[in-house]
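Participant: I'd like to ask you about the structure that follows.
The values are calculated or read from the model by the stated rules, or taken from the named source; none is laboratory data. None of these values were measured; they are calculated from a predicted model. Cβ placement follows ideal geometry from the backbone for every residue including glycine, while neighbour counts extend to all protein chains displayed.
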């Protein structure tokens, strides 16, 4: 049975969070001389001399309308990486506890575990890039605190079988974290609406991908109120800047433009996949629910080097488990995709004349 309090580290359970000046103020006021800010302003704008809202109330309210869930179920992080790291610091005892990842997958789960001195156990995906539930179950013991599931997965692009995820949620007494960074490019529905059914569920999303705001570094964690309270207890007081909050609010007014971009990228993804499959150097283009394609080629190192000479950068994933000979290619603009195809065609032509 899932019991959140028993998962928490003792020091986090005892932790008294930092109380900022804005936490202690309630009501209306015109003069703010409580937070040691520069009262004369700043070189940029009059308002950036003030600390931002530590609770990001307006952003959370706007996001809750888009996501269809109450703001009390939402935490905002300085990128999804902060959402990931706080889970380690709150729930995993260094040198004692372990987490389970399902490689090939997003690398920060393991990096953050190593930073926090937490053991990583690896339930490698099956040949079809789906969860190996039998292997995963064998890795779980009394010190297993987190299971990380990336769906749609990075770098493979596929979504995990929903029933498999539900089996994990129903049987694992720790936290199950579903990273949905690419969910907007998928036809599969988000697990956000399942929070009431699974008290051990944490869903991660981001404004870096479909929203096109990678430069803002704004990640989201959706969970029960109790888990969100832990997030807020551990986070730095002003983790989301004023500029980020303002720009996020402006972006959230343009949902139709974002939906148009998503539709365009999905169409471009299909066109790019079709053209890649026709190239002699390409061995396989894997199905994708993300804004990238995993492509197996004849010689990943040679293709990568050739594209680099042509001024095109892709990601060589050939040394990653289950991804031998593979490149990960982000769906670009129509012009960028055409230039990629022409560059790979030139590689084929050079090989024929060698």
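Participant: (1) without any contact (Cβ under 8 Å) to a residue 24 or more places away in the chain; (2) assigned by TED's automatic domain parsing to the domain that holds residue 236: which one isn't true of residue 102, the others all being true?
Facilitator: Failing condition for residue 102: (1).
Participant: Would you mention how many residues in segment 105-122 are buried (at least 22 other Cβ atoms within 10 Å of the Cβ) and within 25 Å of residue 325 (Cα to Cα)? It would help to see each step written out before you state the result.
Facilitator: Step one: of segment 105-122, the residues buried (at least 22 other Cβ atoms within 10 Å of the Cβ) are 105, 109, 112-113, 118.
Restricting the remaining residues to those that are within 25 Å of residue 325 (Cα to Cα) gives 105, 109.
Adding up the residues that qualify gives 2.
Participant: Kindly indicate whether any position in segment 146-160 is part of a strand (DSSP E or B), closer than 18 Å to residue 107 by Cα and either out of contact with any helix residue (DSSP H, G or I) (no Cβ under 7 Å at 6 or more places or on another chain) or not assigned by TED's automatic domain parsing to the domain that holds residue 71 (or both).
Facilitator: Yes.
Participant: May I pose another question? Taking the criterion of being under 27 Å from residue 230 (Cα atoms) and not in a strand (DSSP E or B), would at least one residue in segment 119-135 satisfy it?
Facilitator: Checked segment 119-135: no residue is under 27 Å from residue 230 (Cα atoms) and not in a strand (DSSP E or B).
Participant: Right, another one. Which one is modelled with the highest pLDDT among residues in segment 6-27 that are surrounded by fewer than 10 Cβ atoms within 10 Å (Cβ to Cβ) and more than 18 Å from residue 236 (Cα to Cα)? Walk me through it before giving the result.
Facilitator: Going residue by residue through segment 6-27, those that are surrounded by fewer than 10 Cβ atoms within 10 Å (Cβ to Cβ) are 10, 14, 16, 24, 26-27.
With more than 18 Å from residue 236 (Cα to Cα) added as a condition, the list becomes 10, 26-27.
Values: 10: 96, 26: 76, 27: 77.
Selected residue: 10.
Participant: Taking the condition part of a helix (DSSP H, G or I) and within 21 Å of residue 160 (Cβ to Cβ), does residue 184 pass? Walk me through it before giving the result.
Facilitator: Details: part of a helix (DSSP H, G or I): yes; within 21 Å of residue 160 (Cβ to Cβ): yes.
Yes, satisfied.
Participant: Consider residue 79 carefully, then state whether it is at positive phi and in contact (Cβ under 8 Å) with a residue 24 or more places away in the chain.
Facilitator: On the way: at positive phi: yes; in contact (Cβ under 8 Å) with a residue 24 or more places away in the chain: yes.
Against the criterion (at positive phi and in contact (Cβ under 8 Å) with a residue 24 or more places away in the chain), residue 79 qualifies.
Participant: For segment 28-43, give me each residue that is surrounded by 10 or more Cβ atoms within 10 Å (Cβ to Cβ) and within 17 Å of residue 243 (Cβ to Cβ). Please lay out each step first, then the result.
Facilitator: Applying the first criterion (surrounded by 10 or more Cβ atoms within 10 Å (Cβ to Cβ)) to segment 28-43 yields 32, 34-35, 37, 39, 41-42.
Within segment 28-43, 37, 41, 42 qualify.
Participant: A follow-up question, please. Report yes if residue 142 is surrounded by fewer than 16 Cβ atoms within 10 Å (Cβ to Cβ) and farther than 23 Å from residue 258 by Cα, otherwise no. So that I can check it myself, show each step before the final result.
Facilitator: Numbers: surrounded by fewer than 16 Cβ atoms within 10 Å (Cβ to Cβ): yes; farther than 23 Å from residue 258 by Cα: yes.
Yes: the conditions hold for residue 142.
Participant: In segment 74-95, how many are closer than 19 Å to residue 136 by Cα and surrounded by fewer than 23 Cβ atoms within 10 Å (Cβ to Cβ)?
Facilitator: So the count comes out to 0.
Participant: Yes or no: residue 132 assigned by TED's automatic domain parsing to the domain that holds residue 69, touching a residue at least 24 places away in the same chain (Cβ under 8 Å) and more than 28 Å from residue 95 (Cβ to Cβ)? First the steps, then the outcome.
Facilitator: Working: assigned by TED's automatic domain parsing to the domain that holds residue 69: yes; touching a residue at least 24 places away in the same chain (Cβ under 8 Å): yes; more than 28 Å from residue 95 (Cβ to Cβ): no.
Here the answer is no, as residue 132 does not meet what is asked.
Participant: Also, I was wondering about something else. Return the residue satisfying two criteria in turn: it lies in segment 36-74 and is over 24 Å from residue 228 (Cα atoms) and within 33 Å of the chain's Cα centre (by Cα), and of such residues it is modelled with the lowest pLDDT. Break it down stepwise before answering.
Facilitator: Step one: of segment 36-74, the residues over 24 Å from residue 228 (Cα atoms) are 36-50.
Narrowing the set further to residues that are within 33 Å of the chain's Cα centre (by Cα) leaves 44-45, 47-50.
Details: 44: 79, 45: 72, 47: 78, 48: 91, 49: 92, 50: 91.
Once the filter is applied, the top-ranked residue is 45.
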